[in-house]
Amino acid sequence: MIYRQGIVIGTCIFIAVVVELSLLSRLGIPGATPDLVVVTVVAIALAMGPLQGASAGFAAGVLIDLSPPSDTLVGVNAIIYLVIGFIAGYWVDPRDRTLIIIMGITSLSTGGAAFATAAVDTLLGGSRVNWAEVPWITLSAALYGLLLTPIVVPFVGWLVKKVTPEMSFS
Amino acid sequence: MLSRRTKIILATLVVASLTFVILDLRGGDGPFSSARAAVSSVLGGVQRGAATVFSPVTGFSEWWGTQVDQSGQIRTLTDDNALLSTQLVEAENDIARANELDALLRVASVGRYRVVPAEVIAVGPAQDFSWTVTIDAGTLDGVEEDMTVINGDGLVGRVLKVYNSTATVVLLVDPESSVGGRVAGSQEIGIVSGTGRQNSLQFQLLDPLGEVNAGDAIVTFGSKGGRPFAPGLPIGEVVDVSGTAGALARVATVSPYADVSQLSVVGVVVRPPREDPRDSVLPSAPAVAPTRAPVAPQTTDPTPDATSKPEVVQEDEKAATPAPAEPGN
């Protein structure tokens, strides 16, 4: 059971990282890059639960920190995504899960992730963050998270049900 | 409520992430260089494949981005467009790429740079605030750290990390990037640094009394041994100068020639020219005749050190100032 969950999580995360870095970030969209990885982490957390969400967030964060062309500190995204995965899995009541609420959660998560990355980087002494750009990046990240939700969340939910039917969480 | 096992796993993950941050904060090569190399060798191949699969999509956005951003190029683009729209999307994409390669080869041959062509296969997400891209050339192609990266329009950045078949390039608009620049046709030198915005750089003059005007072109000053920056590469055009002559800090805003948001074919300068090409590489260089003449006596000087240049300057300036007037082609 746990292996199959691991395989689902690993595959989703890997595909999300590759698509984000090779496709979405190259589209030249204004503002932030559509954060497919965070949306995927939230989708996994909603479909499987807080522990799986947190693990998926940790794995995704480490992978995106290590994969080229990343030049950020290893572990920053890991801890941010971990917290997001946990919160999304833990605090959202399964009975509340209408698409509107889910879209709200993902857009809060993607916006929050962008803001948290800027904040943590500045706290740790990085000089790259231009705070004049942060509100716009955060807002656009939230908007793109909102738009990705209706595609990603149902697909991950369907995949989880298909591959690990024993998960009764959703 | 959470079970004991869940809490233990969560605590472990949190501690692990914090440990990573602390280890990586210590700087230097750190324990992550081998991990990064391993991930890059796996992901590099996947990203290369993905870049090929996605190339019609990214190629389209490149075409679209140029259309939207640069109204000055609309006329040439409309001509190109009429030609290209008769062909398939795939063919359009290939032709655009070949043109970029041609432009790159032109820059390389005019300045006598030896370049290794490469393609951008991944771009860092904007919310990292770092402007870095991955290219599909690495140590196997002769790429080393701190080599200059250019494209058909001018300077793009420098190689930050290099792996077997891929390399990470930090773009010149990255807030942590700075390049020695020189005003084309004069001897004014200064530091060009990134601002984190894709269409503006800051040029700070070293000499507060120096002369710099909107419309001036900035080229690289060149580093010792051509690394990290080869001399003579076009960086951008001055669009605005703040502060009066003699003020303590004179800062000019520079618009880079290379559109870093739409990179596809780039070249890594594996060997800089033996002599500083001076201003011959600037965008209006097809009109080679006027710029070549003053350049010839200059190239006898083997050092790229512009401060020690003799009095030839004045002539040079007069002859070369018309050169950067039209970077639009």
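Read-outs: derived from the displayed coordinates by stated rules, not from any lab. Fair warning: this is a prediction, and the values are worked out from it, not measured in the lab. Here Cβ is always computed from backbone atoms with ideal geometry, including for glycine, and neighbour counts include all displayed protein chains.
Pairs over the 30 Å Cα-Cα cut-off, from the set A:161/B:7; A:161/B:161; B:7/B:161: A:161/B:161; B:7/B:161. Among the residues of B:113-122, the average count of other protein chain beta-carbon atoms within 10 Å of the residue beta-carbon is 2.
Within segment A:1-92, the ratio Rg/Rh, alpha carbon atoms throughout and Rh by Kirkwood, equals 0.98. The dipole here belongs to segment B:130-228: it is taken about the Cα centre, uses +1 on the Cβ of Lys and Arg and -1 on the Cβ of Asp and Glu, and is about 100 debye. Normalised radius of gyration (Cα atoms, divided by 2.2 N^0.38 Å) for segment A:57-122: 1.22.
Our analysis of segment A:2-154 gives Rg over Rh at 0.95, with the two radii drawn from alpha carbon positions and Rh computed by the Kirkwood formula.
GNM on chain A, alpha-carbon springs under 10 angstrom: the most fluctuating residue among A:148, A:24, A:123 is A:123. Both the radius of gyration and Dmax for segment B:91-177 are 13.1, 38 Å, in that order, over alpha-carbon atoms. A simple count of charges around residue B:195, restricted to other residues whose Cβ falls under 12 Å of its Cβ and scoring Lys, Arg +1 and Asp, Glu -1, yields -1. Think of each Lys and Arg Cβ as +1 and each Asp and Glu Cβ as -1; about the Cα centre, that makes the dipole of segment A:2-154 roughly 280 debye.
Here is the list for segment B:149-221: trypsin sites (Lys or Arg not before Pro) lying in DSSP coil, each with at most 13 other C-beta atoms within 10 angstrom of its C-beta, are B:197.
Taking Cα centre as origin and charging only the Cβ of basic (Lys, Arg, +1) and acidic (Asp, Glu, -1) residues, the dipole magnitude of segment B:175-246 rounds to 320 debye. With the charge dipole of segment A:1-111 set up from +1 on Lys and Arg Cβ and -1 on Asp and Glu Cβ about the Cα centre, the Cα lying farthest toward the positive end among the listed residues A:86, A:105, A:9 is that of A:9.
Per-residue mean of foreign Cβ neighbours for B:34-46 is 4 (Cβ atoms of other chains, 10 Å radius). Segment B:112-177 and segment A:109-169 have Cα centres spaced 27 Å apart.
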